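Notes follow once the structure below has been shown.
The values are calculated or read from the model by the stated rules, or taken from the named source; none is laboratory data. All values reported here derive from a predicted model rather than from experimental measurement. Virtual Cβ from ideal backbone geometry, glycine too; neighbours counted across all protein chains shown.
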Amino acid sequence: MAGATTTRRRKIFPHLKEEDKTPPSVPEASKSAKGDSSKANGDATNAYNNSKQKEGPKHPSAAKKKPISSKSSDSIHGSVHHLLPLPLVLTVLVCSGLFWIASFRDVMATGKPILDSFAVLWGQDDADSHFLQYTKSTDWFEDSRGWKSKQGGLSTISSVTTDANNMGGLFIRKLSGVAGLTFHTTKIWPIVFQSPPQYDKTSKNGRWVGASWSAGHFDPLLTLGMIGDVCISIFYLTRLDELKNAGAQGIGLAFVVASLVESFIFGVYLLTRRMNDKSTQPTRGKADITTGEFDPLEDPDSLPSRIVARTVFIVSSLILVVSLRDLFVPGIIITFIPRDDIYLEWTGAFLHSPPPDTVEADENGLGAPLFAGDKFVSQLLGLYLSLGCMFKIFSAWGWSKGYRTLGKVESVDRSGVVSSKMIWKAQALGNMLLLGMLRLFTPAAKSASLDLRWHLMLVAYEAFILCEYVPFFDVELKPQYLTICSCNHSVVYGFW
């Protein structure tokens, strides 16, 4: 029996030594069997451990989890501090959303009273209908053929301007909607669709990418948005009497209240964040960490982008001049702009605001009050274009790059660049919409002897530059590209 047990053990454990193979005597068989069994089990365990150490890589799920570093732990557990406060997000969604719907209606369905669906908010069932009749936007809306009707959409745009279709008036209303969409999208996009910073896998220095509320990345956006909302509220407040006479006082008050509430919430959260901000800016040098030499790109006091700054200065400053003219002194001809008088005549500015001591004043002076709605829309377009230019100019010239600090981690982009890029993204989209609308009206303007090619070139150039500096396209700026940009700057600046 002992011999059989020993033989079986030798088959199961072939690693036993040669001297262990000798069968013990019969009296000591039981004792030796127990000793050999415990020794064999110990040797088997050691052999098993040695064989597991020599094995290849295991499945990732079986790997031992590494402890989370302090930087990762701070970024994960402190993500709540990077997110915007929920009341602020809801305020922007409701207040700016109301203006966004109205602007979208002006672009895609000019003259359709879709805001009457929200009449319970201002207590007047047909306020939007009266408002559109006051601005004469219903002239381009017809739905007699059901779904086959144009209903004020883009198909309403004709290739020839006549006195009957009044393409110049439709041009003002469509552009006013595009400018309004751009302004309110600049607030809605970064705030409502914000996500906390994430680790950038392409970064070699272990940096993070994204915008943070606690780091102050949204302060410039809220400041400019607050200024814009105050301007919009003043614009509607000064025209409440006209809207009341037209039967649209309810929607006018709704626009005033929405803009004032949003500006107030912006101011409260700006002050609260500044008071709770106890972080100190680090002292960083202006030298490249690899060479130790001075690098202007590492200077925290430099502009976010000099190319964007020059482009915005050339294009947006010219748009700002025209928009401020339409807002404060409509009908005044700017002499250094080619064919500006034809533009004013095509858009009907000589009808509602004829220049004093001119032939237009003698012909249209008495009938100008009848075109108060056209003047309202023209000034609203000037206001929205001015606010859009304000966003672009301040985001390019209003603040510096800043530092890379993002709590206990570093950001890929500096704080000023992050604040600028969230504005540039929405403004680039707005420029593309403006470019498309100008292209649709080019044949109609050409039939009225108005050439829009230079307008298209300027807007397209600014949109292209803004798209290169926002995450729309992952394009690396080559030296050849920078040379082309410099040449384009020289051509555009020379024309200007």
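Things worth noting here:
- For segment 227-252, the set of residues classified as more than 24 Å from Phe371 (Cβ to Cβ) and buried (at least 20 other Cβ atoms within 10 Å of the Cβ) consists of Gly228, Asp229, listed by residue number.
- When residues in segment 133-158 are screened for being more than 29 Å from Lys446 (Cβ to Cβ) and outside any loop (DSSP other than H, G, I, E, B), 4 of them pass.
- For beta carbons closer than 6 Å, sequence separation of 6+ or different chains, a first residue in segment 213-226 that is at negative phi and assigned by TED's automatic domain parsing to the domain that holds Phe183 and a second that is of a type in the set (Lys, Arg) and in a helix (DSSP H, G or I), the qualifying pairs are Gly225/Lys187.
- Enumeration of residues in segment 343-361 that are assigned to a helix (DSSP H, G or I) and surrounded by 16 or more Cβ atoms within 10 Å (Cβ to Cβ): Tyr343, Leu344, Glu345, Trp346, Ala349, Phe350, Leu351, His352, Glu360, Ala361
- Residue within segment 386-409 that is within 25 Å of Ser214 (Cβ to Cβ), of a type in the set (A, V, I, L, M) and outside any helix (DSSP H, G or I) present: yes
- Yes/no for Phe218 being aromatic (Phe, Trp, Tyr), closer than 16 Å to Leu84 by Cα and surrounded by fewer than 21 Cβ atoms within 10 Å (Cβ to Cβ): no
- Of all residues in segment 413-468, those being part of a helix (DSSP H, G or I), of a type in the set (Ser, Thr, Tyr), more than 18 Å from Leu318 (Cα to Cα) and in contact (Cβ under 8 Å) with a residue 60 or more places away in the chain number 4.
- Residues in segment 201-214 include none that are part of a helix (DSSP H, G or I) and of a type outside the set (S, T, N, Q).
- Looking across segment 138-164, the residues that are more than 22 Å from Leu435 (Cα to Cα) and among the polar types (S, T, N, Q) come down to Thr138, Ser144, Ser149, Gln151, Thr162.
- Consider segment 396-416 and keep the residues that are aliphatic (A, V, I, L, M) and surrounded by fewer than 22 Cβ atoms within 10 Å (Cβ to Cβ). The one that is modelled with the lowest pLDDT is Val409.
- Segment 103-134 - residue that is closer than 26 Å to Thr186 by Cα and either among the hydroxyl-bearing types (Ser, Thr, Tyr) or touching a strand residue (DSSP E or B) at 6+ places or on another chain (Cβ under 8 Å) (or both) and, of those, surrounded by the fewest Cβ atoms within 10 Å (Cβ to Cβ): Ser117
- Listed by first and then second residue, the pairs with beta-carbon distance under 8 Å, at least 6 apart or on different chains, first residue in segment 320-340 and within 19 Å of Pro356 (Cα to Cα) and modelled with pLDDT of 95 or more, second among the aromatic types (Phe, Trp, Tyr) and surrounded by fewer than 18 Cβ atoms within 10 Å (Cβ to Cβ), form an empty list.
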